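Single-structure report; data block below.
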Amino acid sequence: MSLTGTPFLITTIALAAVAVLLPLALWSRVRGPALVRGVARLLMVLFAQGTAVTLVFLLVNNSNNLYDNWGDLLGTGDHVQAAADLGPDGTGGISLRKLPKVRQTFREANGPGMHAAGGVQVTDLRGQVSGVDAEVYVWLPPQYHEAAYQHRRFPVVELLPGYPGSAKSWFGSLHAHEQLLPLMKSGQITPFILVSPRTTLIADADTGCANIAGRVNADTWLSVDVPKMVTDNFRAERGPGGWAVAGYSAGAHCAAKLAVAHPDRYRAGVSLSGYNDPAGEPLSLAAETPQLRAANNPYLILRHDRVPPAVALYVSGESGDGYEAGRALQKVAKPPTAVDVVFLPRSAGGHNMALWRPQITTVFRWLTQQFDAGGQKAGGGTTGSTARTPRHGPSTAGATRAALASGTASRAAAARRP
């Protein structure tokens, strides 16, 4: 049975019900010596506890899309076929234009939220350059199949989950496609193609979206193989002008790092409750050596870049959970790099889906501004400021989560709350 499938959930619920009824019916009817009766009753208690814990775990896992399958949960999944040394640019000197086109077969994705808003499709991709073999989820905007847009290429946002986390989480837990569909239909935001690739590639480890020779080429998987597959199979824009990357938690760290490290591949990056130092995730492979930590720290990349990357970053977070990381990026950013930082008070929630879900529409409005060909605001080199912070309202005391996510929350207002 699938870990996240309905049959396993129903079976667990049924077993939990049986575990409650069993001692009620048999507790006083157990016969035999005292030791036998004690063991039988202990087994009934353990059975009840085990099914209860399993049910709670399944509900939490299905709600947050932490583990996608049994391999992820048990630490037996490995999606790395090869991990050659691909050099500093992550291509190993391969001319990507000369690579054969990747033709993929897509199927309907299964799971909570996968059939909503037109449906999400999935394919199993064998990375030509990275050596990674894993699934990629794709959602197409409503305009994609309309006659008026049949010759148009669409911009793409690559969506990264946290660790542990499933590539389904942006659809199953954050409901990104369901929130964005009406806004795209009404023209309030740009019709983006949403792409969510697997990021858990090695058992019991977070790759940190890094290339580590002999271990994994996660950076190349995300920034080379996945974009090539998307542009080969869909009417997606090519080059950095049509691509952005967004993530939450460990995925937020990856999004910021990929954006500043590859301005030739991305125009914008979104970090929700992220961190700069890969050691922010204890199980990150990118934190194993000082060299890896430095090479995969977006703050240090920006600080030491001789030519500031033409990218825009949107960073949101609470005090001690993303906000300071954003401010650090903001301080070292130089034009044409632009960094928007949004402070979220503790009252907005914690490090969880409830905090990130209401930020989705605000983030995509911001991305729409960055991709507005007429605006050329962030990452385009025409802005005169080093870094910008959205203007705040006069007070956020008692504000709704939607208001908090919009960037109207100020640190001073949060301090005034009782």
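The values are calculated or read from the model by the stated rules, or taken from the named source; none is laboratory data. Bear in mind that the values here come from a model prediction, so they are computed numbers and not experimental data. These area figures cover heavy atoms from the full protein model, side chains too; ligands, DNA and RNA do not enter into them. Shrake-Rupley method; radii C 1.70, N 1.55, O 1.52, S 1.80 Å.
So what's the back-of-envelope 222 nm ellipticity for the chain, counting only DSSP H runs of four-plus at -39500 (n - 2.57) apiece and dividing by all residues, rounded to 500? Mean residue ellipticity, 222 nm, calculated: -9500 deg cm²/dmol. Taking Kirkwood radius over Cα pairs in Å as calculated from this structure, the corresponding entry among [x] 22.1; [y] 22.7; [z] 23.9 is [y].
Classify segment 60-180 as rounded, prolate or oblate, taking a ≥ b ≥ c as the square roots of the eigenvalues of its Cα gyration tensor: rounded when a/c is under 1.5, otherwise prolate if a/b is larger than b/c and oblate if not.
Numbers: a/c = 2.17, a/b = 1.10, b/c = 1.98.
It is oblate, given that a/c is not under 1.5 and a/b is not larger than b/c.
From the Cα gyration tensor of segment 213-261, with a ≥ b ≥ c the square roots of its eigenvalues, which class applies: rounded if a/c is under 1.5, or else prolate if a/b is larger than b/c, or else oblate? Taking the square roots of the gyration eigenvalues as a ≥ b ≥ c, segment 213-261 is oblate.
Of all accessible surface on segment 73-128 at a 1.4 Å probe, what whole percent is carbon and sulfur? For segment 73-128, the apolar C and S fraction of the accessible surface comes to 49 percent.
Solvent-accessible surface of protein heavy atoms, probed at 1.4 angstrom with all chains present, puts 178, 135, 158 in the order 178, 135, 158, largest first. Residues whose amide H comes within less than 5 Å of that of residue 3, counting only those at least five positions distant or on another chain, are 70 (H built at 1.01 Å from N in the peptide plane). Distance between the C-alpha centres of segment 5-31 and segment 86-159: 44 Å, rounded to the whole angstrom.
For segment 130-238, what % of the accessible area comes from carbon and sulfur atoms, probe 1.4 Å? Write down the numbers at each step before the final one.
Values: 1410 of 2990 Å².
Using a 1.4 Å probe with all protein chains present, segment 130-238 comes out at 47 percent carbon and sulfur.
Between segment 304-356 and segment 188-210, what is the C-alpha centre distance in whole Å? Using only Cα atoms to place each centre, the spacing works out to 19 Å. Normalised per residue, the accessible area of segment 103-211 is 35 Å², obtained with a 1.4 Å probe and no contribution from ligands, DNA or RNA. Once all protein chains are placed together, residue 267 keeps about 30 Å² accessible to a 1.4 angstrom probe. State the Cα centre-to-centre distance between segment 32-58 and segment 221-273 in whole Å. For segment 32-58 versus segment 221-273, the Cα centre distance is 49 Å.
When you restrict to C-alpha pairs under 8 Å that are six or more residues apart and normalise by the size of the chain, the relative contact order lands at 12 percent.
Starting from the Cα gyration tensor of segment 92-149, take the square roots of the eigenvalues, sort them a ≥ b ≥ c, and report rounded, prolate or oblate (rounded when a/c is under 1.5, otherwise prolate if a/b is larger than b/c, else oblate). Please report the intermediate quantities before stating the final value.
Values: a/c = 3.41, a/b = 1.57, b/c = 2.17.
Judged from the Cα gyration tensor, segment 92-149 comes out oblate (a/c at least 1.5, b/c at or above a/b).
Would you mind checking the pairs 101/331; 185/228; 101/334 and listing those with alpha carbons more than 32 angstrom apart? Can you show the working numbers first?
Numbers: 101/331 41 Å; 185/228 27 Å; 101/334 37 Å.
Listed pairs above 32 Å: 101/331; 101/334.
The listed residues 171, 371 rank as 371, 171 when sorted by accessible area, largest first, using a 1.4 Å probe. Helices assigned as whole DSSP H runs in the chain whose Cα atoms extend at least 27 Å along their own long axis and whose mean Kyte-Doolittle hydropathy is 0.0 or higher are found at 6-26, 34-64. Residues whose amide H comes within less than 5 Å of that of residue 270, counting only those at least five positions distant or on another chain, are 245, 246, 247, 314 (H built at 1.01 Å from N in the peptide plane).
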